[in-house]
1. Treat each spin label as a single point 7 Å out from the Cα along the C-beta direction, and report the ARG579 to LEU148 distance in nm.
2. For the Cα atoms of the chain, what angle does the longest principal axis make with the long axis of helix 405-415, in degrees from 0 to 90, nearest 10?
3. Given points 7 Å out from each Cα along the Cα-Cβ axis, report the LEU140 to THR430 separation in nanometres with one decimal.
4. With angles folded into 0 to 90 degrees, how steeply does helix 657-666 sit against the dominant principal axis of the chain? Use alpha carbons for both and round to 10.
5. Give me the number: length gained by fully extending LYS159 to ASN207, i.e. 0.36 nm times residue separation minus the C-alpha to C-alpha distance, one decimal in nm.
6. If you rank HIS638, HIS578 by how much accessible surface each has, with a 1.4 Å probe, what is the order from largest down?
7. Expressed as an acute angle from 0 to 90° and rounded to the nearest 10, what is the orientation of the C-alpha long axis of helix 101-114 relative to the principal long axis of the chain?
8. Explain nothing, just compute: Karplus ³J(HN,Hα) = 6.51 cos²θ - 1.76 cosθ + 1.60, θ = phi - 60°, for every residue of the range 182-190 in order, whole Hz, x for Gly and Pro.
Amino acid sequence: MARHPPIGSSSILLARISSIRLAVLIVAVLTIGFYLLPIRLPQGTYSRVLLDRDNKLLGAEVAHDDEQWRFPPIHHIAPKYKKSLLTFEDRWFYQHPGVNLSSILRAFWSNLRAGKVVSGASTITMQVVRMARKNPPRTLVEKMWEILLAFRLEWAFSKDELLIAYASHAPFGGNTVGLQAAAWRYFKRSASELSWAEAATLAVLPNSPSLIHPGRRRNKLKNKRDRLLRKLGQLGHLSPVALKMALIEPLPQPPGPLPQLSPHFLHSFVAPQTILRSTLSHALQTQALQRIHTYKSQLSDLGVENAAALIIHVPTAEVVAYIGNIGELNLQQNGSHIDMNRSHRSTGSLLKPFLYGRMLDSGELLPSQLVPDVPVRMGGFRPENFDRDYRGAVAADKALAWSLNIPAVIQLKRYGLGRLMNELRTAGLTHLRKDPTHYGLSFILGGAEATPLELATLYTQLAFIASGLDRPWPGLLFGTERLPAYPLPIRAGAAYLTVKALYGARNSRPNEAHQNRIAWKTGTSFGFRDAWAIGVTPAYVVTVWTGNADGEGRPNLTGTRAATPILFSLFALLPPSHRFEPPLNDLDIIEVCGDSGFRAGPRCHHRRQQLVTRGSISQLCPHCQIIPSTRDRQFRVHTQCARLDEIYSNNFFVLPARQEHFFVQKNPQYVGLPRWRAACKPTHSEQKNLAVLFPQEHTQVYVPVDLNGQPSRVVCKATHRDPQARLFWYLDQIFLGETKHFHEYELAPTPGPHTLTVVDTLGETEQRQFTIISPHRESR
């Protein structure tokens with residue numbers, strides 16, 4: 001007979017199974033609920049913070065939404081502050097799961113005995129929860145919620161992450177939030193550099209942040225700090241001597257303003273709510289700012305309100321000092337808020353070295369080669385040198401060193417404006433997007449625009465290449481990332497010869513011991529709106545711009561007068577540098593004409609050696625000629641007036657007549673072609689002897705009205721190699737007269753187009769077409 005279990009036993013078993021299932025369900029629900037609890041660390045908008053290369057503070061700004069000094073979260077906690085904080089706030093932080101039950105029981109008993117809340121028993125994790133919840137009112141329900149969320153945070157984050165969250169968002173009095181902001185505001189240093197007394201002060205301050213303010217309650221703060229220091233001494237963190245020294249340290253003074261050493265860099269290169277460790281040097285930035293401010297009154301006397309400067313370390317391409325402007329950042333009426341290092345301004349003469357360098361590199365120019373410096377007109381453009389003088393012909397390296405405008409324009413026309421613009425775009429002037437016809441040949445004199453930062457980059461590349469560094473140009477470095485590395489298309493030999501030419505800058509310079517080690521260039525824009533000075537050494541490039549942000553010009557605003565003194569003052573802050581060494585692997589030595597500087601030809605009598613870029617194929621000297629003359633080289637002769645034994649083939653250095661006219665005024669040792677012997681009738685020569693100096697071809701000549709109401713007269717000028725030559729003058733094919741010795745002729749032409757013709761006794765002819773413009777013609 002089968003036996004069946006009692007009905008009661010089955011009910012008990014089913015009940016037990018149901019209870020287990022219910023328990024599992026409850027545990028599952030609680031577990032799911034636990035993991036569904038919000039995981040939130042303290043948040044907020046952060047200050048924009050700029051550090052130097054050694055983590056020293058250069059500048060910061062308050063968080064925009066609540067005007068709090070709240071630095072972005074730190075990545076690690078300074079050991080002194082960490083030990084001070086844990087000792088004061090939560091000794092068992094690394095042992096408990098977010099809540100210290102013994103502390104809660106002790107706090108409950110203390111509050112019960114006192115009849116009020118005297119202890120909250122909050123762990124650091126629970127305080128992090130309160131910060132994340134924006135510090136709600138303290139209630140029993142809120143405390144239980146904090147406990148629950150503290151358990152959840154401990155499961156989601158490491159202890160170090162929670163400690164960092166606390167230190168980054170704890171209140172330190174006033175509008176100061178977070179350890180780093182507090183360290184800089186109260187002690188003017190990073191948290192990692194705090195003393196034991198300073199670290200202890202910041203450890204106890206969040207507990208009562210109002211104690212930091214002046215008044216009697218500061219004694220309470222000092223007592224709390226000293227108790228913590230003694231506790232740290234008891235725990236063995238401080239030696240007796242260190243404890244004694246810490247106890248006598250005073251409390252910090254009320255917080256002052258944070259450094260603002262490079263506010264324009266802060267706004268230009270530091271993203272909002274971030275902290276950037278830059279390549280700037282705190283010491284150099286401070287000194288450079290002080291130096292440039294010493295010139296503020298001098299600039300004001302010139303009517304100049306703004307200035308900017310950059311210092312770049314050449315081997316690393318790191319920006320070590322950055323002054324975007326002078327004056328207060330919030331003074332918008334004079335443009336001080338504008339970062340002029342990133343503002344496009346007229347380049348003045350600062351692009352001339354790159355034209356010179358490219359022509360050297362391509363073999364189209366030699367350093368000592370004579371280039372024309374005479375009055376020219378190219379279309380409607382008539383360039384003039386800054387000193388309004390002409391040299392006839394001048395060595396190319398001197399033309400660059402003296403920043404002569406006419407030779408630069410002539411060389412640009414020869415080289416090609418579009419070609420140079422393409423190469424400068426490749427090197428980083430990417431905003432040159434318009435057609436070359438938009439700029440014209442004035443491009444090389446300031447018709448282009450660039451920022452000081454772009455020009456500093458070009459000159460740093462030039463120095464980098466000239467130094468012969470055997471690695472590609474890396475691009476400028478400001479912080480964690482480099483700017484795009486646009487390559488300057490120039491070889492080391494040409495770069496070296498370019499900076500070598502810049503050593504010879506003739507403008508007045510300060511009498512400083514290191515001045516001959518600096519290659520430098522000035523620039524002044526049209527209308528005296530911008531004054532520049534850039535200096536290079538193998539170690540550093542310094543760029544200085546002065547002017548007015550609104551573009552208003554000033555009569556005495558020149559690179560030499562306004563920017564150069566600042567340039568050399570900034571160089572005086574830097575270690576002495578040696579000169580550039582020639583990169584011999586990229587240079588050749590050739591023979592050049594001792595007179596013209598061109599590659600020596602067969603007719604060049606005086607020769608010398610010169611460094612040129614390797615593989616350079618340049619033009620042979622066109623100015624040295626063999627001229628039949630007497631033995632003493634005093635007279636020209638030919639077979640119709642001299643015996644064969646009296647005729648010698650002598651070498652002569654002969655410039656074109658137009659160049660010779662001005663060249664001989666600056667070079668009295670110049671001989672040129674000898675005169676014809678008295679018995680010799682001049683013969684036609686391949687060498688032109690006649691040149692019209694004024695007017696130039698297709699010139700518009702403005703004729704003002706004299707006091708008597710009559711138009712002024714126009715003085716036309718010509719030159720001839722033969723000082724005895726007679727010249728015959730014609731206007732519109734009507735004979736006017738002749739001149740001898742001094743070839744100037746006054747004309748009174750009517751308004752409109754005219755043709756001037758000048759002829760010598762041999763029939764050599766020069767013509768110029770020009771147009772007369774008078775006030776009467778303009779009024780019509």
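1. Roughly 8.2 nm, to one decimal.
2. Helix 405-415 sits at roughly 90 degrees to that axis.
3. Computed distance between label sites LEU140 and THR430 equals 6.6 nm.
4. That helix lies at roughly 70 degrees to the long axis.
5. This chain segment gains 15.2 nm when fully extended.
6. Details: HIS638 30, HIS578 105 Å².
Final ranking, largest accessible area leading: HIS578, HIS638.
7. 70
8. Those phi angles translate into 5, 4, 6, 6, 8, 10, 6, 7, 5 Hz.
The values are calculated or read from the model by the stated rules, or taken from the named source; none is laboratory data. Keep in mind that this is a model prediction, so the values were computed, not measured. Cβ atoms come from the backbone with ideal geometry, glycine included; neighbour counts cover every protein chain shown. Quick note on the areas: whole protein, heavy atoms, side chains included, nothing else; ligands and nucleic acids left out. Shrake-Rupley method; radii C 1.70, N 1.55, O 1.52, S 1.80 Å.
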